[in-house]
Each structure stands twice: as C-alpha cells, then as structure tokens.
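S.K.: I am attaching a structure below and will ask some questions about it afterwards.
Derivation of every value follows stated rules applied to the coordinates shown; laboratory data play no part. Since the model is a prediction, treat every value here as computed from it, not as a measurement. Counting neighbours? That spans all protein chains shown, and the Cβs are built from the backbone with ideal geometry, glycine included.
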Amino acid sequence: MSKLTFRYAQKSDCALILEFIKELAQYEKMLSEVVATEELLNEWIFEKKKAEVIFACEDSKEVGFALFFHNFSTFLGRAGVYLEDLYVKPSYRGKGYGKAILKKLAQITVERGCGRLEWSCLDWNKPSIDFYLSLGATRMDEWTVYRLTGETLKALAE
C-alpha cells in the first residue's frame, strides 16, 4: 500500500465533496437523486457543522472520502458516529484504502468517547457487505430503515 494520509475537508473542498458524492451515487445507480449543491454542502457541513468529511489521500491526491456525523444511543447513554458515505475511487480499490478509512473512523469514534460506529449498506452491494463482515461488523437484520422525504415529509410536518 502506498502511503495513505487523511485530512479533514475544508470549506474550499465543497466541489470535491460533491464530486465524490456524485461518483458514489453513480455507483449506487442513484445519480438522479442527488440534489446537493456546493452551496448546500457549505451551509450544512461547514456553517451549521452538521456533518464532517475526511479525505483519504495517496501522495496528496484525494482518492477516497467518508462523510459522517454524530448520532446518539439512548441505550449506551452516549453519542455514536454514523457513517453516511464511504467511497474509494475505482482505480484505487484493492489497496486496503476502504479498510484504512474505516480504521480512521474507528479511531475518531474511540478518541471522541463515542459508543459505536454504524452505517447502512444497500442489500445488493455484496462486495461491500462481504468487506464489512470481514471486519467483524454485525449485520442488523432485525432493523428496517424508514424514511420520510419530500412531499410526504412536508405533509406530516403540517
């Protein structure tokens, strides 16, 4: 493995963050669902500080990223880290960078005194599922994710 370093994203990285988001969405066959803009990312990540981004860099070139934020476990009585997105550019896969990013996130989680690191994965994404299981991650089969968005969310809010 080449020397991999990490850095936290800065405001000037909004275009790069959006590029990674779109590449991930393309991989997940969900590109048409991306409505994020550089302006929205700047507002929510850097102004409102609702999420964080780290980049994995090979020779100072960003080759992967992770976007994460804190959640809270009432059972543990402490915050956790929720990984929203993890992506490594295709030409850099197979070098252990995905594992290195998760290791870095685990270190951040432990350093902050958080109780857990968790994420979701699409059911059809067998390579990622196999990878996560190889790290010792536990599949939460008894849980189902529910979501409200768009007009349904607005209707409930009224």
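S.K.: Could you list, in their original order, any pairs among Lys104/Lys126; Lys61/Lys99; Lys11/Lys61; Lys29/Lys50; Lys48/Lys126 whose Cα atoms are separated by more than 29 Å?
M.R.: Working: Lys104/Lys126 23 Å; Lys61/Lys99 18 Å; Lys11/Lys61 17 Å; Lys29/Lys50 26 Å; Lys48/Lys126 35 Å.
Result: Lys48/Lys126 exceed 29 Å.
S.K.: Where is the GNM fluctuation largest for the chain (alpha-carbon springs, 10 angstrom cutoff): Val145, Val110, Val88?
M.R.: Among Val145, Val110, Val88, the largest mean-square fluctuation in the Gaussian network model of the chain belongs to Val145.
S.K.: Neighbouring Cβ atoms within 10 Å as the yardstick, rank Ile17, Ile108 fewest first. Intermediate values should be presented prior to the final figure.
M.R.: Values: Ile17 23, Ile108 18.
The most exposed by this proxy come first: Ile108, Ile17.
S.K.: While we're on this one: I'd like to know which of Ala155, Leu41, Val145 lies farthest towards the positive end of the charge dipole of segment 4-157, counting +1 on Cβ of Lys and Arg and -1 on Cβ of Asp and Glu.
M.R.: Result: Val145.
S.K.: Let me ask you something else. Which residues does a label at Met140 reach in segment 56-87, if reach means a backbone N under 18 Å from a point 7 Å past the Cα toward the Cβ?
M.R.: Residues passing the 18 Å test: 67-86.
S.K.: Can you give the Kirkwood hydrodynamic radius for segment 23-111, in Å, rounded to one decimal and based on Cα pairs?
M.R.: Working: mean 1/r = 0.0687 Å⁻¹.
Kirkwood radius, segment 23-111: 14.6 Å.
S.K.: How far apart, in nm, are the 7 Å Cα→Cβ label points at Glu151 and Arg116?
M.R.: 3.6
S.K.: Over its Cα atoms, what ratio of radius of gyration to 2.2 N^0.38 Å does segment 47-93 give? The partial results should precede the final answer.
M.R.: On the way: Rg = 13.9 Å, N = 47, 2.2 N^0.38 = 9.5 Å.
Ratio of Rg to 2.2 N^0.38 Å for segment 47-93: 1.46.
S.K.: Sticking with this structure for a sec: Let me make sure I get this right: for the chain, a, b and c are the square roots of the gyration tensor eigenvalues over alpha carbons, sorted descending. Under 1.5 in a/c it's rounded, otherwise prolate if a/b > b/c, else oblate. Which is it?
M.R.: It is rounded, given that a/c, with a ≥ b ≥ c, falls under 1.5.
S.K.: While we're on this one: How large is the helix-only mean residue ellipticity at 222 nm for the chain, computed as the sum of -39500 (n - 2.57) over DSSP H runs with n ≥ 4, divided by its residue count, in deg cm²/dmol to the nearest 500? Can you show the working numbers first?
M.R.: On the way: 5 runs with 50 residues, N = 158.
Counting only the DSSP helices, I get -9500 deg cm²/dmol.
S.K.: Let me ask you something else. Take Glu23, Glu33 and order them by how many other Cβ atoms sit within 10 Å, fewest up front.
M.R.: On the way: Glu23 16, Glu33 10.
Least to most surrounded, the residues fall as Glu33, Glu23.
S.K.: Give the aspartates and glutamates reachable from Lys89 as a straight Cα distance under 17 Å; neighbours fewer than 8 places away on the same chain don't count.
M.R.: Result set, ordered by chain and number: Asp13, Glu19, Glu23, Glu28, Glu58, Asp59, Glu62.
S.K.: Once the other residues with Cβ under 10 Å from the Cβ of Leu16 are scored (Lys, Arg +1; Asp, Glu -1), what is the net sum? Let's see the in-between values first.
M.R.: Numbers: positive: none; negative: Asp13, Glu19, Glu38, Glu62.
Value of the local net charge: -4.
S.K.: Once you have the Cα-Cα distance between Lys104 and Asp123, take 0.36 nm times their residue separation minus that, and quote the gain in nm to one decimal. Intermediate results must be reported in sequence, preceding the final value.
M.R.: Values: separation 19, 0.36 × 19 = 6.84 nm, distance 2.47 nm.
Net length gain for the segment: 4.4 nm.
S.K.: Fewest first, what order do Trp44, Trp119 take by the number of other Cβ atoms within 10 Å?
M.R.: Values: Trp44 14, Trp119 17.
Listing Trp44, Trp119 from fewest to most nearby Cβ atoms yields Trp44, Trp119.
S.K.: Using a Gaussian network model on the chain with a 10 Å cutoff between Cα atoms, which of Glu58, Glu142, Glu84 fluctuates the most?
M.R.: So, out of Glu58, Glu142, Glu84, the one fluctuating most is Glu142.
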